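Coordinate-derived values only; no laboratory data. Model, not experiment: these values are computed from the prediction. Note that each Cβ is placed from the backbone with ideal geometry, even for glycine, and that neighbours are counted across all protein chains shown.
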Amino acid sequence: MHTMRQLGGSSLRVTPVIFGAWAIGGWMWGGNDENDSIAAIRAALDAGVNAIDTAAIYGMGASEELVRKALAGIPRDKVVIATKCGMRWDDPKEEGSDPWPQKDNSGRDWTIRRNAKPHSIAYEAEQSLRRLGTDVIDLYQLHWPDKTTPPEESFAALEKLRRQGKVRAIGVSNHDVEGLRRCRHVGQLASVQPPYSVIQRGAEKDILPFCRENGIGAIVYSPLERGLLTGKVSPDRQFPPGDHRVNHRLFTVEFRRRALTALESLRPIADKHKASFTQIIINWTFRQPGVTAAIVGARNARQAAHNAGALGLSLSEEEEKTIRAAFDAISADAARIRSN
């Protein structure tokens, strides 16, 4: 089993695999089953994972409430709870930036806005504490930058919550290096959450080096590229209505075929470790320089326990290089698509 890793300069220690609670909120993933979701969290904890990453916006509060239900009866100090603020669907004043029309799990229309104003962050923290059923959030993160609020003001609001004892550590998600720099001057920046995978390597250019140089934790998301790197997404698979992968640029038939071919080339490594493609890809991800932990979602207990199995592997440097090389061409093409 992997030892815990310290999250930046904070007192938090996390396992290299963190349970991601986006999909269990149902929203953008074609719905969810509550009992399966609760069982998934419990199975992850039973298998050695000690941290859960959620957000207020996941299912418009539904994911946080499911986390509370799943943690009932579990000693609070045994679990690191990370959540996020800054995406408001419930703001009567409709402040903020980047209005994004969405439907919730019941088909109701909402407009989501990025709102990182200090008064909004203070309000959201109280709502998240209530939904999570706890008196302290271990890691509180600003979900996205808000163009209408300077990052220094937003981060000062997070730092105030930390000083008040409502949160233990503070971080940001989806911020660039310039944003990280500006936040660091205002408060104790424990971590950043960028997208990162063997296909999507943009964070290697600047975010991960910056984290290494400045003692900032990096919790990376989408290490399995929303399921593409599990080897289970066939070229002809159809996604249900409401699943955001229907129109995702990496889920074209061609990309699915190429991902499967690259994974197949890694079968000798998987077989040697008696592991699945999912497990070797997760393990590769959290072993990369600067990465503290990888957030991995699961919808049921079997998936959650399986993902946690990645903690027990020990890839060699040679195997890591082979895995990287297998995806070099796909990674380059994915970067080109993103920049167009």
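Counting pairwise Cα distances across the range 224-265, what percent come out greater than 15 angstrom?
32 percent
Compare the Cα positions of G96, Y123, T149 along the charge dipole of the range 61-179 (+1 at Cβ of Lys, Arg; -1 at Cβ of Asp, Glu; about the Cα centre) and return the one farthest towards the positive end.
Going by the Cα projections, it comes out as Y123.
Considering amide H positions built from the backbone, and no H for Pro or chain starts, which residues 5 or more places from R5, or on another chain, come under 5 Å of its amide H?
Correct list: V14, T15.
Karplus couplings for the range 227-244 from phi (6.51 cos²θ - 1.76 cosθ + 1.60, θ = phi - 60°), rounded to Hz, Gly and Pro as x?
Couplings: x, 4, 8, 7, x, 9, 9, 6, x, 9, 5, 9, 9, x, x, x, 8, 5 Hz.
Convert each backbone phi in the range 79-95 into a coupling constant with the Karplus relation 6.51 cos²θ - 1.76 cosθ + 1.60 (shift: θ = phi - 60°), then list the ³J(HN,Hα) values in order as whole Hz, x for Gly and Pro.
10, 8, 9, 10, 9, 9, 10, x, 10, 9, 10, 10, 9, x, 7, 6, 8
Taking the range 245-315 as the region of interest, what is the percent of Cα-Cα pairs per 10 angstrom bin, listed from the shortest bin to the one with the maximum distance?
Reading upward from the zero bin: 18, 41, 39, 3.
For a distance above 18 Å, tell me the whole-number percent of Cα pairs in the range 132-213 that qualify.
Values: 1420 of 3321 pairs.
For the range 132-213, the fraction of Cα-Cα distances above 18 Å is 43 percent.
To the nearest 0.05, what FRET efficiency results for Q6 and H185 with a Förster distance of 30 Å applied to their C-beta separation?
Values: r = 22 Å, r/R0 = 0.74.
For R0 = 30 Å, the calculated efficiency reads 0.85.
Over the alpha carbons of the range 71-187, what is the largest minus smallest coordinate on each principal axis, giving the biggest first in Å?
Reported extents, whole Å, longest axis first: 41, 39, 22.
Among V172, V167, what is the fewest-to-most ranking by other Cβ atoms within 10 Å?
V167, V172
Under Stokes-Einstein, with the Kirkwood radius over Cα pairs standing in for Rh, what whole-number D in µm²/s applies to the chain at 4 °C and 1.567 mPa s? Before the final figure, lay out the partial values.
Numbers: Rh = 20.2 Å.
Stokes-Einstein gives a translational diffusion coefficient of 64 µm²/s.
For the range 50-114, evaluate the Debye formula with one uniform point scatterer on each Cα (no solvent term) and list log10 I(q)/I(0) at q = 0.14, 0.15, 0.29 Å⁻¹, rounded to two decimals.
Evaluating at q = 0.14, 0.15, 0.29 Å⁻¹ gives log10 I(q)/I(0) of -0.49, -0.55, -1.26.
Name the long-range amide H neighbours of L142: under 5 Å, sequence gap of 5 or more, or other chain; modelled H, no Pro or chain starts.
C85, G171, V172, S173
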